[in-house]
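Below: the structure, in structure tokens.
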Amino acid sequence: MSKRSHHHLTELGCIACEDLTEFGAGKEGWLAPDAGTTVLCALDVHSLAIANRSVVLILGWSDSDEPRVKIRPELSPIEAERITAIEWLVFDDIKVIAIGTSRGFLLMYSLRGDLIHRQMVYHGQIIKLRVRGTKKDLMQDISSEDVCVVMPGVIARFDGSDIRSMLQRWFQETHSRFWDEKSNKDSEDNGNFDDRLPYQIWNVNKYGSCVDAAITGIMPPPLMELQSSQRYYCAVTIGDDAVISAFRLSEDRKRSLVGVILSKVMPVTFSTIASFSKMIWRSEPTPTSKPEEKLQSFARASSLTCLKDYPRKGEKLTLSLSGTLAAITDSLGRILLLDTQALVVVRIWKGYRDANCFFMEMLVNRDDKCASSSYHVPGKSDYCLCLAIHAPRKGIIEVWQMRTGPRLLAIQCAKGCRLLQPTYRFGSLSDSPYVPLEVFLLNGDSGQLSVLNRFLN
């Protein structure tokens, strides 16, 4: 029998402050996902980032005296550019905030509000910034850490090691300039624009434009494909036309038909047009403005499967830490549990409209000896993977055991709450005490931040 209680939440701190008024705080339900003005949130250990269309506020929830930082990115008023996605990028000794815009720019800022990096990914709105990683262990012989940029019909991947190297160089140069005023570099800190981050990008709109997507992990190459050093990734997309679609993503741009057209035909066409225009407009002065940033060509994306079930539409997607399971909500109030390796729906929940889901880990089957012993530190094998479901229309949070287990908890919550989860931390040490996946509850009306307890009592 599941429990319905308030005792499965542990209060951690409060984020209430005057700075939140700019984001709608004070109005009932201002933080709810279905509120009129969408407020973006990104959680990290002891830090919370909140954003509206033009401002990002960084504040701490464990220390009320911790200084708050406001970041106002330079957005194009002509293009009505706005902030559309935020996420923390956390390494062992570096933490920055990443921002995606409606024009397709990826921005990175330090905790002081300094612009570190600005790069165009592709023309269009960045819907989601998704941080993912799998570490090498007994079950996984290949490690992979990346930042996934999701856009309508497009998905891009930045390798975590490339981002780490760029950030380390920026912080080292910033530290050197602070102590050495004779540095040859420009004293103005306008971001690392010239140092473009390498990335792969794929067109995944075969079954219509996607509203969310995720790279689930590395997958084997096709059976008839020659063995090479190229990696292949599996991507899952959801959208209005296809509830679920899956693609095999190749790193190789040379074999992509779209890539060949963009890399071969377009430069020749542009050169011909430019030469012809010079013949006509010989007196036209040479432009002095910086040329527009060149976009990267698409690599190959091969379709694996597709689920169409009109009028059902995919709405939200969340991925387990290993990438082997995905929870997908749709417009009919259902939640689909997808095995991303077999590409099969293994479980369905019904009656959860506007739901929000996160995977978490709980100590479910603790024996009395371990529960009473103060010397036993739970390891990864002691935890059980679960799915936390926030159903705002019911005013309840439910926790279900994976994959086919029972409902473990049912917790009542206020209307203006939002479920959050800390971002993945790059390169965290495997020999340190295991930190399970946790889910946090932020009450927008009171500002109280709580964590769902990881054990059942």
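How large is ³J(HN,Hα) for each residue in the stretch 399-411, as worked out from phi by the Karplus curve 6.51 cos²θ - 1.76 cosθ + 1.60 (θ = phi - 60°), to whole Hz, x for Gly and Pro?
Taking θ as phi minus 60°, the curve returns 10, 10, 7, 8, 8, 10, x, x, 6, 9, 9, 9, 10 Hz for the stretch 399-411.
Could you order Ser165, Ser245 by accessible surface area, starting with the largest, using a probe radius of 1.4 Å?
Descending accessible area places them as Ser165, Ser245.
Could you pull out the pairs from Lys316/Lys394; Lys308/Lys415; Lys27/Lys350; Lys206/Lys294 whose alpha carbons sit more than 29 Å apart here?
Values: Lys316/Lys394 18 Å; Lys308/Lys415 33 Å; Lys27/Lys350 31 Å; Lys206/Lys294 24 Å.
Long pairs (Cα-Cα over 29 Å): Lys308/Lys415; Lys27/Lys350.
Just how much of Leu9 is accessible, in Å², when a 1.4 Å probe is used and the result is rounded to the nearest 10?
Here the residue's solvent-accessible area equals roughly 40 Å².
Lys and Arg at +1, Asp and Glu at -1: add these up for the other residues within a Cβ distance under 13 Å of Gln448 and post the number.
Cβ neighbours under 13 Å give a net charge of -1.
Which shape class applies to the stretch 392-457: rounded if a/c is under 1.5, otherwise prolate when a/b exceeds b/c and oblate if not, where a ≥ b ≥ c are the square roots of the Cα gyration tensor eigenvalues?
oblate
Would you work out what percent of the accessible area of the stretch 316-369, with all protein chains in place, is carbon or sulfur (probe 1.4 Å)?
That fraction is 47 percent.
Among bridges DSSP assigns within the stretch 72-114, what percent are antiparallel (round to 5)?
100
Output the peptides 103-116, 294-307 sorted from most to least packed, where packing is the average of other Cβ atoms within 10 Å over each peptide's residues. Mind dumping the intermediate values first?
On the way: 103-116: 18.7, 294-307: 16.7.
Put in order of decreasing packing, that is 103-116, 294-307.
Would you mind getting the accessible area per residue of the stretch 376-457, heavy atoms of the protein chains only, 1.4 Å probe, in Å²?
Solvent-accessible surface per residue comes out at 44 Å².
The values are calculated or read from the model by the stated rules, or taken from the named source; none is laboratory data. Owing to the predicted nature of the structure, the values given are computational and were not obtained by experimental measurement. Every residue, glycine among them, receives a Cβ derived from its backbone with ideal geometry; neighbour counts consider all protein chains shown. Note: accessible area is taken over every heavy atom of the protein model, side chains too, but ligands, DNA and RNA are not part of it. Shrake-Rupley method; radii C 1.70, N 1.55, O 1.52, S 1.80 Å.
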